[in-house]
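The structure under discussion appears below in the form of structure tokens.
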Amino acid sequence: MPVVIALAVVALLWLLTGVRVVQQYERGVVFRLGRVRQQVRGPGLTLLVPVLDRMRKVNVQVVTMPVPAQEGITKDNVTVRVDAVLYFRVNEPIRATVDVQNYQFAMLQVAQTSLRSIIGKSELDDLLSGREQLHRGLELMLESPAVGWGVHIDRVEIKDVALPDSMKRSMARQAEADRERRARIITADGEFQAAGKLAEAAQRMSETPAAMQLRLLQTVVEVAAEKNSTLVLPFPVELLRFFEAQTERLTREE
């Protein structure tokens, strides 16, 4: 009887050596005598056959991988340094374990190669302002090898584009020249509109000579309001003619 109890205890302890715990964010890939089992172990307690089974845990969380800055020449012959960030996760743990030796290192190398390739196919303006299209292009380039490794690409984004100092100065001069050009166009357009209004006002004043005199008197009033200058005003001949006409009219009425 004691021998049976001892054997039972030994068997129980032997079975307990096959108990494993899989975390919620992990999946277990089991190898039995070197061959992978198609059933992936989910989170919780799982039992392995001691000695025969080996389990490798695979993290299925989203991995945030910074892609080191890559230097390249754009399509319009500008040297730039571009870095990016890659978000991916494992959705097929068996493939990520069996088909590739180190899926994270493989994804990093593919991301660097794809980033250098996208630099050579793009122009500088696309890298600076058209990044959404470049993000989609990078995602498509990474998706093809990732599917074979059981990896799903969530998103990939370009973080920063570093330009040479000479190019920064050239772009600053270009922006300044463009702003100056727009300012001159706006000023010229304002002068053109003002000239049109002045021509229209002159046309109307020419139809009524008295309007010119009234405008002159209004200008005099505006200048005299400052009280800091002496105003020399010539007496208009038209005003004399007006007084002469009024005098003749009054004489005829008498």
Angle between the chain longest axis and helix 2-16 axis [Cα atoms, degrees, rounded to 10]: 20 degrees
Rounded to the nearest 0.05, what FRET efficiency do Thr230 and Thr187 have when you use their Cβ-Cβ distance and R0 = 30 Å? 0.35
Say the dipole of segment 43-191 comes from +1 at the beta carbon of Lys and Arg and -1 at that of Asp and Glu; which of Ala175, Ser117, Thr46 then lies farthest toward its positive end? Thr46
Grab the eigenvalues of the alpha-carbon gyration tensor for segment 122-192, scale each by 5, take roots, and send me the semi-axes largest first in whole angstrom. 42, 15, 7
Phe105 paired with Leu128, simple spin-label distance in nm, labels 7 Å along Cα-to-beta-carbon: 3.9 nm
Tell me which label goes with the value of semi-axes √(5λ) of the Cα gyration tensor in Å computed from the coordinates here: (i) 62, 24, 15; (ii) 93, 23, 15; (iii) 30, 19, 18. (ii)
Between 0 and 90 degrees, rounded to the nearest ten: what's the tilt of helix 131-148 against the longest Cα principal axis of the chain? 10 degrees
Quick calc: nm separation of the 7 Å Cα→Cβ label points for Gln24 and Ala194 -> 7.1 nm
Taking the alpha-carbon distance from Lys57 and a cut-off under 17 Å, which aspartates and glutamates remain once sequence neighbours fewer than 8 residues away in the same chain are dropped? Glu26, Glu92, Asp99
Length-normalised contact order of the chain, Cα under 8 Å, at least 6 apart, in percent, tallies to 14 percent
So, in nm, how far is label Ala201 from label Arg136 when the simple model puts each one 7 Å beyond its Cα toward the Cβ? 5.4 nm
In degrees, nearest 10, range 0 to 90: what is the angle between the Cα axis of helix 103-121 and the longest Cα principal axis of the chain? 30 degrees
Go through segment 84-99 residue by residue and turn each phi into a ³J(HN,Hα) via Karplus (6.51, -1.76, 1.60, θ = phi - 60°); whole Hz please, and just put x for glycine and proline. 8, 9, 10, 10, 8, 8, 8, 10, 10, x, 5, 5, 5, 8, 8, 7
With r defined as the distance between the Cβ atoms of Leu47 and Ser144 and R0 fixed at 51 Å, what FRET efficiency is calculated, to the nearest 0.05? 0.85
Magnitude of the Cβ-charge dipole of the chain, K/R +1 and D/E -1, about the Cα centre, nearest 20 debye? 2140 debye
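Every number in this text was worked out from the coordinates using simple rules, so none of it is lab data. Predicted, not measured: the structure shown is a model, and the values here were computed from it. In this analysis, Cβ positions are derived from the backbone assuming ideal geometry, glycine residues included, and neighbour counts consider all displayed protein chains.
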